[in-house]
Amino acid sequence: MNTTEATLYTLNDQKLRLVGIPLLSFLVPALQHPNEFRNLDSIIWMHLFIGLCTTVLVWEGNRLIMIFMRRTFPKYNQTTRRLLAEAALALSYTFVATWLLDEVVCKAIFGKSIDPFTGFRTSLIPTILVYLVYEAVYFFEAWKNNVRKTEALARESVQSQLEVLKNQLDPHFLFNSLNTLAALIDDENVNAQQYLERLSDVYRYVLVSRSKNTVPLEEEITFLDAYVYLNKIRFRENLQVEKNLSAEAYRQYVTPLSLQMLIENAIKHNVVSKESPLKIKIQQEGNQYLVIENNIQEKTILEKSTRVGLQNIINRYSLLTDRQVEIIQNGGLFTVKIPLLLN
């Protein structure tokens, strides 16, 4: 949970309570018993005391209900369920609270009894006011949070595009050049034709996916197969990529180009040779995470890093889910776990 969301759940409302509770404690009994207050009848002290007890009990109890419901139904598409559950709990709690006040406070202290339904109807006033204020603030804060997330995700997407597509040529020029090159390659040179087709697939996917926040894992894996094919032409069997994924995992979503970045980092920072083949495994951990793992065999001279790779992936996922990207280096293995997302 990030700092902004934690603030929404904990309710930073000290000033609101300090002002709202005394104000409602006075207004509700004053509006309910105007004659006693107008004539300064001594009974007003009883009404004020009962009003204070009622307001505190109703306000604080419903406040805890709201916190619990926001944690239980935190997502935007759960708003209806959250509000209905809050309403049911609020009405039940308010009725019980007013009945206890009647039994404990009114009878025990003042020796008078109040119809619980009358007290319940009166208590609905502060209950509704409290909920209206809190829900308005919650909606506004959630809206601001979503706007900030959208803007940050857009910035991360642009940064990713710049890194991946840095120094790119005009797409039409490049594809026309690839088509021309394909025409120049002898039809019998199947390997060259296949390499060119995979190169076109890779570039096309980069252009199509660069404006998206998420893509189906199936599409990302298809793109990754083309990318791995291009690298295996260079490294042959010295580069080994193994996938173990279920059909359900393929229907979930990941951030575009995230797998390609992880494979690229593994190749960039590790020796890939006949004596020391680089082995990369892509598998799932339940239906929550996609696990990318490679053996560590660091190069003595590292290639210059763009310093974006992993951090870019971490930043993008932090804007899409509360589940964090996990990076583990242990036992000669380098492992990255990225969350599988629902669309």
Considering each of Ser273, Ser258 in turn, give the residue that is within 15 Å of Ile338 (Cα to Cα) and small (Gly, Ala, Ser). Ser258
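Condition check ((1) in contact (Cβ under 8 Å) with a residue 60 or more places away in the chain; (2) touching a Cys at 6+ places or on another chain (Cβ under 6 Å); (3) among the β-branched types (Val, Ile, Thr)) across all residues:
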residue	(1), (2), (3)
Leu207	no, no, no
Glu218	no, no, no
Ala226	no, no, no
Phe235	no, no, no
Tyr253	yes, no, no
Ile267	no, no, yes
Asn270	no, no, no
Lys299	no, no, no
Please go through segment 237-284 and give me each residue that is closer than 17 Å to Gln329 by Cβ and part of a strand (DSSP E or B), ordered by number. Asn270, Leu278, Lys279, Ile280, Lys281
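Let's see how each residue does on (1) modelled with pLDDT under 75; (2) within 30 Å of Thr214 (Cα to Cα); (3) part of a helix (DSSP H, G or I); (4) in the same structural domain as Phe73 (by TED's automatic domain parsing):
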| position | (1), (2), (3), (4) |
| --- | --- |
| Thr94 | no, no, yes, yes |
| Ala97 | no, no, yes, yes |
| Thr118 | yes, no, yes, yes |
| Arg121 | yes, no, yes, yes |
| Ile125 | yes, no, yes, yes |
| Ile128 | no, no, yes, yes |
| Leu132 | no, no, yes, yes |
| Phe140 | no, yes, yes, yes |
| Ala152 | yes, yes, yes, yes |
Looking at (1) assigned to a helix (DSSP H, G or I); (2) touching a helix residue (DSSP H, G or I) at 6+ places or on another chain (Cβ under 9 Å); (3) surrounded by fewer than 18 Cβ atoms within 10 Å (Cβ to Cβ), find the lone condition where Glu220 falls short. (3)
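Which of the following residues is buried (at least 16 other Cβ atoms within 10 Å of the Cβ), farther than 20 Å from Phe223 by Cα and free of Cβ contacts under 8 Å to residues at least 24 places away in the same chain: Ile327, Ile314?
Numbers: Ile327 fails: buried (at least 16 other Cβ atoms within 10 Å of the Cβ).
Answer to the check: Ile314.
Which count do you get for residues in segment 212-248 that are of a type outside the set (A, V, I, L, M) and farther than 17 Å from Ile280 by Cα? First the steps, then the outcome.
Residues of segment 212-248 that are of a type outside the set (A, V, I, L, M), as a first pass: 212-214, 216, 218-220, 222-223, 225, 227, 229, 231-232, 234-238, 240, 242-244, 246, 248.
Remaining after also requiring farther than 17 Å from Ile280 by Cα: 212-214, 216, 218-219, 246, 248.
Selection size over segment 212-248: 8.
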Those residues that are of a type in the set (Ser, Thr, Tyr) and crowded, with 19+ Cβ neighbours inside 10 Å, I need them from segment 239-276; list them, please. Tyr253, Thr255, Ser258
Does at least one position in segment 294-306 carry a residue that is under 24 Å from Glu218 (Cα atoms) and either in a strand (DSSP E or B) or of a type in the set (Val, Ile, Thr) (or both)? yes
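The values are calculated or read from the model by the stated rules, or taken from the named source; none is laboratory data. Owing to the predicted nature of the structure, the values given are computational and were not obtained by experimental measurement. Don't worry about glycine lacking a Cβ; one is built from the backbone with ideal geometry, like all the others, and counts go over all protein chains shown.
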